[in-house]
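Okay, structure first, notes after.
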Amino acid sequence: MVEGVEVPTDHLIGGERLGSSARFADVSPIDEQVIAQVARADADTVDLAVAAAGQAAEEWGRTPPKDRAAVLHRIADGVEARIEDLSVVETRDNGSLLRSHRNSVMPRVARNFRFFADKLLELEHDGDSSFNGNQERFTWDPSGVTAVIGPWNAPLMLATWRIAPALAAGNAVVHKPPEWAPLTASLLGDIALEAGIVPGAYNVVQGIGEEAGAALVAHPGVSRIAFTGSVETGRLVAAAAATNLTPTSLELGGKSPFLIFADADMDAAVQQTVGQFDNAGQVCLAGTRLLIESSMYDDFLERVIEAAGQVVQGDPRDEATDIGPLISREHFERVDGFVHAGHAEGSRALVGGGPNEDLGGLYYRPTLFVDVPSGSPLLTREIFGPVLTAQPFRDEAEAIALANGTDYGLAATVYTGDEARAERVGEQLVAGTVWINCFFVRDLDAPFGGSRNSGIGREGGRWSFDFYADVKNVVTAPSSGG
Ligand code: NAD
């Protein structure tokens, strides 16, 4: 029982719960208490799951699209019916805000399923063409077994962004949830079975990344790998996938720039700047590098300091809280290491600059560094904590050079009141998504992914089906009669 909700902690393989003698402790970031002992898969368990998925894939793949879509809609109904359970369990497990889970994250989980169910039926009417008198029919055929591996910062939302299109495409899924927040995937398993999915079309293998995750991505029975996580792990996944030539979609880390020009709407820009501390900075898309036009650099920062002072840190279950804890002790030490190194190299913290000693535990103060020496890891490495940097720029050219000056390319945000400038700058930024005068607007029909080290491939809308399916062209010559 977690927060009054019964959560299975075994694997889900072929529609059945299966235990492991080995278990791992699931620790809540809210108070560092162990909240569950979760089954810990080895390579043999992964084998079983891939075999079960391979078997189920035949039936699920043959299920007519309209029936697959109906199951996906019923999964969405099940998610909606259990938003409260999913929200309280996810908050206890990963420390993100309960009100965000209730109001936006879990509704988005349901939307992931509805959107790809509807998109599947749209695709059906998108597959005819002709060439030199020959008829062409393009189809998106099921490709077999999809491995889904994701991070802990929004575990169910990010996993279902890949699970839903994979299932819609007619693939069976083996999902390895993050070991730091594994629980809501188990609840999804219950919901999928109740929705009438073919048993074995959705499998959950719980375990540690280096063990269960590594075995899964190296498995020759897997035909697609959908991985979300860090660049470092992404490299390992890509290397394992290369052995079997398994097509792999990588959604990796970021170090996104957040540009503010002097002609911007200042109230909106300040508010959105402070919003980059959301989820204690554990957001891949966060604009962690503030680039501010030098003519208003000091004034802008003064306003950011004031606004940051209003941010309430505390228990993520409390309605008044804006920012909760970091995910784990290990991650806390990692974030703190960056901040320590920042102080040591002479960077100056205008806001925060260390752990929240009033709250203790894994609570880390929202931190903003200025005067950061060029080349500092604060400017080049993803910290994945509530740590921002600010740098001034003189003109557009310098802003763009600074913005594009990392190995990442996940997202970029620009605040400006000048439409022509917005267009010019937007065109020159290297990023999978550029937001102009907005942030985190996510259309599931739009391409999503990262440039440079932030990822390989694009998903969303039809791009998702292009990845998960085996796309086929059947060319038929004009009838010669007879
Ligand atoms: P991580 O790379 O440590 O782990 C991600 C997942 O990979 C976990 O489930 C883990 O168990 C598994 N894993 C670990 N080693 C593995 C291996 N050798 N083989 C297979 N799987 C393995 O990342 P994390 O700390 O969980 O998440 C934070 C990272 O995720 C950040 O870099 C963040 O930017 C990124 N992220 C990216 C997006 C995106 O959409 N681009 C979204 C959210 C998070």
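State all residues of region 356-384 that are out of contact with any Ser or Thr (no Cβ under 8 Å at 6 or more places or on another chain) and either surrounded by fewer than 19 Cβ atoms within 10 Å (Cβ to Cβ) or small (Gly, Ala, Ser) (or both); if no residue qualifies, say none.
Matches in region 356-384: ASN356, GLU357, ASP358, LEU359, GLY360, GLY361, SER374, GLY375, PRO377, ARG381.
Given VAL174, VAL88, which one is modelled with pLDDT of 95 or more and within 16 Å of the ligand (Cβ to nearest atom)?
Checking each option against the conditions leaves just VAL174.
Pairs needed: first member in region 457-482, within 22 Å of THR228 (Cβ to Cβ) and hydroxyl-bearing (Ser, Thr, Tyr); second member anywhere, in a strand (DSSP E or B) and modelled with pLDDT of 95 or more; C-beta distance under 8 Å; at least 6 residues apart or different chains.
Within 8 Å, the pairs are TYR468/THR146; TYR468/ARG224; TYR468/ALA226.
Looking at SER376, SER480, SER464, SER454, which is the one that is modelled with pLDDT under 95 and either in contact with a His (Cβ under 8 Å, 6 or more places away or on another chain) or among the hydroxyl-bearing types (Ser, Thr, Tyr) (or both)?
It is SER480.
Pull out all pairs, ordered by first then second residue, where Cβ-Cβ is under 8 Å, the residues are six or more apart or on different chains, the first lies in region 315-344 and is in a loop (DSSP other than H, G, I, E, B), and the second is more than 16 Å from the ligand (Cβ to nearest atom) and of a type in the set (Phe, Trp, Tyr).
Final answer for the pair search is GLY324/TYR363; PRO325/TYR363; LEU326/TYR363.
Within region 214-232, restricting attention to residues that are part of a loop (DSSP other than H, G, I, E, B) and either over 18 Å from the mean Cα position of the chain (by Cα) or away from the ligand (no atom under 12 Å from the Cβ) (or both), which residue is farthest from GLY14 (Cα to Cα)?
ALA218
Answer yes or no as to whether ASN437 is touching a Phe, Trp or Tyr at 6+ places or on another chain (Cβ under 7 Å), in contact (Cβ under 8 Å) with a residue 24 or more places away in the chain and either within 16 Å of the ligand (Cβ to nearest atom) or within 23 Å of SER143 (Cα to Cα) (or both).
no
Just a yes or no: is a residue in region 193-209 in contact with a Lys or Arg (Cβ under 7 Å, 6 or more places away or on another chain) and closer than 19 Å to ARG458 by Cα?
no
Please find, among LEU402, LEU388, the residue that is away from the ligand (no atom under 14 Å from the Cβ) and either surrounded by 20 or more Cβ atoms within 10 Å (Cβ to Cβ) or at pLDDT below 95 (or both).
Residue meeting the stated conditions: LEU388.
Return the residue satisfying two criteria in turn: it lies in region 194-213 and is in a helix (DSSP H, G or I) and under 21 Å from ASN171 (Cβ atoms), and of such residues it is farthest from the ligand (Cβ to nearest atom).
GLU194
Pairs needed: first member in region 21-32, among the acidic types (Asp, Glu); second member anywhere, assigned to a strand (DSSP E or B) and at pLDDT 95 or above; C-beta distance under 7 Å; at least 6 residues apart or different chains.
What qualifies is ASP26/VAL34; ASP26/ILE35; ASP26/ALA36; ASP26/VAL38.
Against the definition (more than 27 Å from VAL339 (Cβ to Cβ) and either surrounded by fewer than 18 Cβ atoms within 10 Å (Cβ to Cβ) or not β-branched (Val, Ile, Thr) (or both)), how does ASP263 come out, yes or no?
yes
With respect to TYR415, determine if the residue is more than 16 Å from the ligand (Cβ to nearest atom) and either under 20 Å from ASN279 (Cβ atoms) or not basic (Lys, Arg) (or both). Reasoning before the result, please.
Values: more than 16 Å from the ligand (Cβ to nearest atom): yes; either under 20 Å from ASN279 (Cβ atoms) or not basic (Lys, Arg) (or both): yes.
For TYR415, the condition - more than 16 Å from the ligand (Cβ to nearest atom) and either under 20 Å from ASN279 (Cβ atoms) or not basic (Lys, Arg) (or both) - is met.
Given the conditions (1) touching a residue at least 40 places away in the same chain (Cβ under 8 Å); (2) among the hydrophobic types (A, V, I, L, M, F, W, C); (3) buried (at least 20 other Cβ atoms within 10 Å of the Cβ), which single one is not true for ALA268?
(3)
Buried (at least 23 other Cβ atoms within 10 Å of the Cβ) and among the small types (Gly, Ala, Ser): which single residue out of ALA81, ALA53, ALA70, ALA22 fits that description?
ALA53
Rundown of residues vs (1) over 17 Å from the mean Cα position of the chain (by Cα); (2) buried (at least 21 other Cβ atoms within 10 Å of the Cβ); (3) hydrophobic (A, V, I, L, M, F, W, C); (4) away from the ligand (no atom under 15 Å from the Cβ), yes/no style:
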site	(1), (2), (3), (4)
ASN112	no, yes, no, no
ASP126	yes, no, no, yes
TRP140	yes, yes, yes, yes
VAL148	no, yes, yes, no
ALA154	no, yes, yes, no
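The values are calculated or read from the model by the stated rules, or taken from the named source; none is laboratory data. Predicted model, so just to flag it, every value in this text is computed and none were measured. Here the Cβ is made from the backbone with ideal geometry for all residues, glycine too, and neighbour counts use every protein chain on show.
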